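One structure is given below, encoded as structure tokens.
The values are calculated or read from the model by the stated rules, or taken from the named source; none is laboratory data. Here the structure is a predicted model, which is why all the values come from computation and not from measurement. As a convention, Cβ positions derive from the backbone with ideal geometry for all residues, glycine included, and neighbour counts pool all protein chains shown.
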Amino acid sequence: MPQQLFRAYEAVLQSLIDHAQATAAVLMLADSAVETPHILTQVGRLTSTGWVRLIEISPPDVFIQPLASQGTTAALLAVHSAGQRQWSPTQQCLIRAAAQTIENLSRDGNRELDWHQITASRRILPVTEEELCRIVLDIHDGPVQKMYAAVHRLSHLQHLAERLAVTATEDGDEPIATYRENLQEVGWLLETALTEIRTFLGTFHPPEFKQRPLLDILEGLIIQHETMTQAIVHFEAGSTIPEVDVPIKIALYRIVQQALTNGIRHGGVNEQFVYLWSHQDHIHLEVVDYGKGFTPPSLAGPSATERNEHIGLRGMRDRAQLVGGTFDLVSRPGEGTRIKVRVPCYG
Amino acid sequence: MVKRIQVILADDHALVLDGLKLHLADTSDIEVVATVNNGEALLSAIEIHRPDVVITDLMMAGMDGFAVLEQIRQRNLPVRVLVLTALADGQALQRVVELEADGIVLKTEPSRQMIEAIRQVAGGQVVYPRAVHNWLLRRASRHQAAIDTDPTHTLSDREKEVLAHIAQGKTNQEIASTLHLSENTVKYYLKNVYQKLQVHNRTEAARIYLQGKETES
């Protein structure tokens, strides 16, 4: 499909998301023989499973609008709005207008419509980052502040105890000394806990995706991972990594974060390898370890895993697919694990 | 009596300061000359006490550790800076390195490591966590690879333009008129070019430029 047409569809979808206040919109161009609207309403069984699973679709969250071309269904426009109960007449109108625009573009543009998914769901990735920020702040503002206050109070109690010690020497030093020791103990425990929480939280603080280049952001992630886990990460990046859109940066960052964590947690290794290079408008990423390996569950098609323990794997797959990329996991027991991702430079 | 290493402590948690002071009091070679709890106070204290090393946290109200570090470098204050922080997030660590701290110690590390770090930093060494060192090594080798591929890699577009004209044998006056700049501006660009390429004259600069062109083809 020509780049221009692709971008035109994307612009329409993005505009639809903004005006209809949706979370995501997907345009699925169908071979007219393959899919029909009534199958799509079962949602969850169609090939764009990555997108579908991520938002755990079941109507009324999703509005399906078929697009026609020469009397048959040529494509389906699926719009998702998280938490939506009913689609207002205005929203429905906007969706139908978007569908009409896309139909017109298709007519005037390329005749070749092969099975393809165009997703405009930029909102999801930045929204997730925002939510992460909020969670981090909540934890920071809540327990951390309380513990800080407790530490201060203890400090005060400690001074009190000093004063009491001066005036109560007739009873002997024993009780006061013990009291003081205990106080000190508690103070240091809290202080250590506080430090640990702040260190831990720090690693969840999302980097400035907008301003910093992809390479810098991934380097930061690796520094953080090595510091927290004492693992060694061998990172090799191609000499020219182009500028990429923010959703791509976020996707790659979160995928690498998950992959590195999985390697330590399940692979039983303390040495990991990350490779990053660009080729023909795509960014390639591989995260490898030579650890335990495992038999990967199915991540594509109708038998794709839904199990809770695979939520990390699904997350990586979804993030790659959301930005129009591919995700592959190669592993065998005893033969290590290799995660392979390919994403377009321009989301 | 050997002169002790004079340090100033900066942290907005009183307990942290107390703890640090206690640990340092046990050493015979380190002396705490002042403690402060914010960035502005730290800068004043540096002016007053002229310490050898400042040990500072990053998170402080008002002027934070990053801003203080920036000020210290901008004003060229002759003091070594050891950052003692709970932040292990990559971006913060990268920023601290870019602001040219002399050392970084994480608060989760045992205290004797911090004391060792103070001695090393006072002695002129740079003390960073291993992960940061690995990053710097990777960055350096990438930079070297880029230079090997293109020796003019660090030049701005304008500087490259001026260099291209130099390589053609043009005089500063000719370059100025071609690029519609004043001769002084051309000289300014040239100065930067020489500095970045680490050369002293236009012949050497031209040679590097032409070398690069050869590698290209």
(message) Taking the conditions exactly as written (surrounded by fewer than 16 Cβ atoms within 10 Å (Cβ to Cβ), at pLDDT 65 or above and closer than 22 Å to A:Ala320 by Cα), does A:Arg7 satisfy them or not?
(response) yes
(message) Looking at the stretch B:87-135 only, could you name the residues that are of a type in the set (Gly, Ala, Ser), in contact with a strand residue (DSSP E or B) (Cβ under 7 Å, 6 or more places away or on another chain) and away from chain A (no Cβ under 12 Å)?
(response) B:Ala101, B:Gly103, B:Ala117, B:Ala122
(request) With the checklist (1) of a type outside the set (Phe, Trp, Tyr); (2) touching a residue at least 60 places away in the same chain (Cβ under 8 Å); (3) buried (at least 20 other Cβ atoms within 10 Å of the Cβ) in hand, flag the one item B:Leu9 doesn't pass. (result) (2)
(request) Go through the residues of the stretch A:272-281 one by one and say whether even a single one is buried (at least 23 other Cβ atoms within 10 Å of the Cβ), at the interface with chain B (Cβ under 8 Å from one of its Cβ atoms) and either more than 19 Å from the chain's Cα centre (by Cα) or at positive phi (or both). (result) no
(request) Answer yes if at least one residue in the stretch A:221-235 is outside any loop (DSSP other than H, G, I, E, B), away from every other protein chain (no Cβ under 14 Å), within 26 Å of B:Leu87 (Cβ to Cβ) and over 15 Å from the mean Cα position of the chain (by Cα), and no otherwise. (result) no
(request) With the checklist (1) touching a helix residue (DSSP H, G or I) at 6+ places or on another chain (Cβ under 9 Å); (2) within 14 Å of another protein chain (Cβ to nearest Cβ) in hand, flag the one item B:Ser141 doesn't pass. (result) (1)
(message) Given the condition β-branched (Val, Ile, Thr) and either surrounded by fewer than 14 Cβ atoms within 10 Å (Cβ to Cβ) or assigned to a helix (DSSP H, G or I) (or both), answer yes or no: does some residue in the stretch A:308-329 qualify?
(response) yes
(message) If I ask for residues that are farther than 23 Å from B:Glu100 by Cα and β-branched (Val, Ile, Thr), which ones from the stretch B:1-29 would you list?
(response) B:Val2, B:Val16, B:Thr27
(request) Test B:Gly62 against the criterion of being surrounded by fewer than 22 Cβ atoms within 10 Å (Cβ to Cβ), on the phi > 0 side of the Ramachandran plot and out of contact with any Phe, Trp or Tyr (no Cβ under 7 Å at 6 or more places or on another chain), and give yes or no. (result) yes
(request) Please go through the stretch B:136-159 and pick out each residue that is at pLDDT 90 or above and farther than 16 Å from A:Ala237 by Cα. (result) B:Glu159
(request) Please find, among A:Glu226, A:Glu236, the residue that is in contact (Cβ under 8 Å) with a residue 40 or more places away in the chain and either in contact with a strand residue (DSSP E or B) (Cβ under 8 Å, 6 or more places away or on another chain) or more than 24 Å from B:Arg138 (Cα to Cα) (or both). (result) A:Glu236
(request) Kindly indicate whether A:Lys249 is assigned to a loop (DSSP other than H, G, I, E, B) and more than 9 Å from chain B (Cβ to nearest Cβ). (result) no
